[in-house]
Every structure is written in structure tokens, then in C-alpha cells.
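Peer 1: I have a structure here, written as C-alpha cells, and I will follow up with some questions on it.
The values are calculated or read from the model by the stated rules, or taken from the named source; none is laboratory data. Please read all numbers here as calculations on a predicted model, not as lab measurements. No Cβ is skipped: glycine too gets one built from the backbone with ideal geometry, and neighbour counts run over all protein chains shown.
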């Protein structure tokens, strides 16, 4: 025996209410949290479905007008929640206009013309879903995760249900387009309710998991990114470098490694203070990054030292890049909070050719020895040592 529509409406009420309660508990105590808005949306949906199920036992204004307003307001809150999740200002006109439009339509259209109410309500609801789809489509960061597809897919899947509802209301029998058809046995309403229960749960779970995935990405970023300069920290650089080295050896491609040191950095700290020294580190990192290709990897190796990995780069190319970086830093005044100072860098270069049989850490030792050579020769210069020659560096 199939469930009737009232039982399914009760399921919708309980599903939305439990989801709203769960989200409210999770987001409790947070000042700006998109989960709060989503929890509010689920709470409004729960009340809306409760009023729909109570038709015939409560006044018509509560049973017909209020559920539509609450449902549109819930979708407006979801749209606002997604904008807040993306740290965007939520578009008030997009959120509030559909609610105001439903308010006007539901009071302008007579109560007995339920067919028109169904059609207008479905169209406006569908327009809100399209707004949500649009903002989700532009979220390229979240799209890389699986949770985005849950929310996006659930939102898209609601559109055919709304279209079916509007079409049947327009072309269907009189019995479908009455207030009692929502709670009376009806195959179309049955399909719509079942679909909405599933999609409501799926979409909400998708949004919750999107928030979790973003938190996970932030944690991974903190573990990989140097908090001062914004480039890879030593651990992340080494992990990336070992992978790039393995790829270069497998494909028999050359790989260049640059080790960079800011000259007389201790003197900058002693003369201008550590805040100025931090500003110099940030500026130098930005200058280095601005001159690199997308496939190159920059990392802060420690203190005032940086490392750069240049895939598919031979000795001539590596020296050209190193000299470009050195000249850029030397010729660019570094504007700190209180002073405008100049800085220079020394660079050690080494290149592993296609026939290189050394390990990555030997390559790293060679770059370090080349850097030592550049500093020994007077700083603000570039030195290169062929792979395998690190023992030739001066004491």
C-alpha cells in the first residue's frame, strides 16, 4: 500500500525540521556562518509544508498564501547562504524580489483560482532555482569537490518537478488544480512530494559537505603555505619537488633548481627591525613569483632562503631566469611600512639533465653549494655548478 500525500507531507516536515535543528546546533555561536541561513531556510520549509498539510483545518490565508511566501523566503535564504559561503555580498534584489512578487500574486489572484497560483508559484520557484544554479556554476573552487555536484544536481533536478507541476496545473484536470489536491491521493503530487523529500535532503547534505570540504582545504592550505609570504613552505615544496623530479627522470627531461638567499638580511632586521624584515620577505617572494611560469614552483626553504623548481629548463634557461630574478629584486625598491629600502639576492643554480642519475637531495646539495659560491664571490650574483660537482665549492 502506497503512502498517501499527508504522510509524505509529514515526512517533508520532519526531514526539514531535523535538518534545520542539526544545522542550528552546528552553527551555534558563530557570528557569520552560511550554515545559519541554510538552517533558517530549512526551518521555513518545514513550517511551509506543515501549513500545506493542515489545509482544510486552518484559515485559507494561512493554508494558501503563507506557505508560498515561506517557501520563496526559504529559497532566498539559501541563495544568500551560498553567497555568504563564497564570501560575496548577497544580492538583496535577487533574494527579496521573488518573495515580494509571490506576495503580490497571491493576494491579487483570488483564492479559488488555485490553478493560477500553482502555475505562478512553480514559475517563480523555478526562477529562484535558476539563480542558485547560476551562482553555483561560477564557484570553480568548490566544483573541484564532490559535494558541489550533490547540491548542483539536486537543484537542477528540482526544475523538471516544478515544470511538471506547472504543466499539469495548466493542462490537467480540475481535480488537480484545487486546494484539496495537495493532500488527496494524486499520482502527480505523489511524485512531486517524493522528489522534493529526496532532493531537499540531497541538496542540504551537499551544502553541508561543501562547507566541510572548504574547511578541509583551508586546513591543508595552512599545512602547505608559509603564513608570512603566501608561498609553499619547506615541507610542501619538498613534496612537490620530489614529484616533479620523478616526472622529469621518467620523461627524460631536464629540471633546474634555484636556491636563493636575501643578502645581508640580518643587517636589515638589525637596522630597520623585524617588521621591516618581514615586509622585505613578502615583497621578495611576490617579485620572484611574478617572474615565474605557471608550472614553476616557489617555496620558502627557511629564514630568508627560497627555492625555485623549473621543469623542462636547461642550463642556459635556468641562468637566464636566475638573472632575471636577481635584476628584478635589485632594481625594485621595497616599500615597507616606514622605509623604502633596497635588497639584493644571491642565487645558486643547478640543472639535472635528461641523463642525470643523481637523486633529488643530491641536486639540492648542489644548488646549496652553488649558492655558497655566489655568496663567496661577493653576493648579488648568480652561480651555477654542474650536477655532481658540489664537493668543488670553497670552504
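Peer 1: I need the full set of residues from segment 250-286 which are surrounded by fewer than 17 Cβ atoms within 10 Å (Cβ to Cβ) and closer than 21 Å to residue 319 by Cα, in order please.
Peer 2: Hits for segment 250-286 are 252, 253, 286.
Peer 1: Kindly evaluate residue 335 against the criterion of being assigned by TED's automatic domain parsing to the domain that holds residue 280 and either farther than 23 Å from residue 268 by Cα or modelled with pLDDT of 90 or more (or both).
Peer 2: Considered against the rule, which asks whether it is assigned by TED's automatic domain parsing to the domain that holds residue 280 and either farther than 23 Å from residue 268 by Cα or modelled with pLDDT of 90 or more (or both), residue 335 comes out as no.
Peer 1: Being in contact with a strand residue (DSSP E or B) (Cβ under 6 Å, 6 or more places away or on another chain) and either in a loop (DSSP other than H, G, I, E, B) or modelled with pLDDT of 90 or more (or both) narrows it down to one residue among 258, 228; which is it? First the steps, then the outcome.
Peer 2: Working: 228 fails: in contact with a strand residue (DSSP E or B) (Cβ under 6 Å, 6 or more places away or on another chain).
The unique qualifying residue is 258.
Peer 1: Let me ask something else. What are the residue pairs meeting all of these: first residue in segment 65-82, first residue outside any helix (DSSP H, G or I), second residue surrounded by 23 or more Cβ atoms within 10 Å (Cβ to Cβ) and modelled with pLDDT of 90 or more, Cβ atoms under 9 Å, and 6 or more apart or on different chains?
Peer 2: Qualifying pairs under 9 Å: none.
Peer 1: Give the residues of segment 295-343 that are buried (at least 17 other Cβ atoms within 10 Å of the Cβ), outside any strand (DSSP E or B) and touching a residue at least 40 places away in the same chain (Cβ under 8 Å), sorted by residue number.
Peer 2: 304, 313, 318, 319, 321, 322, 325, 326, 329, 336, 343
Peer 1: Take residue 240 and decide whether it is surrounded by fewer than 17 Cβ atoms within 10 Å (Cβ to Cβ), in contact with a strand residue (DSSP E or B) (Cβ under 7 Å, 6 or more places away or on another chain) and within 30 Å of residue 280 (Cβ to Cβ).
Peer 2: Working: surrounded by fewer than 17 Cβ atoms within 10 Å (Cβ to Cβ): yes; in contact with a strand residue (DSSP E or B) (Cβ under 7 Å, 6 or more places away or on another chain): yes; within 30 Å of residue 280 (Cβ to Cβ): yes.
Answer is yes for this residue.
Peer 1: Could you grab me the full set of residues in segment 89-107 that are free of Cβ contacts under 8 Å to residues at least 24 places away in the same chain and more than 16 Å from residue 126 (Cα to Cα)?
Peer 2: 89, 90, 91, 92, 93, 104
Peer 1: For segment 1-28, how many residues meet the condition of being in a helix (DSSP H, G or I), in contact with a helix residue (DSSP H, G or I) (Cβ under 9 Å, 6 or more places away or on another chain) and either at pLDDT below 85 or crowded, with 16+ Cβ neighbours inside 10 Å (or both)?
Peer 2: 16
Peer 1: Go through the residues of segment 352-365 one by one and say whether even a single one is over 13 Å from residue 307 (Cα atoms), at pLDDT 90 or above and not in a loop (DSSP other than H, G, I, E, B).
Peer 2: No - not one qualifying residue is present in segment 352-365.
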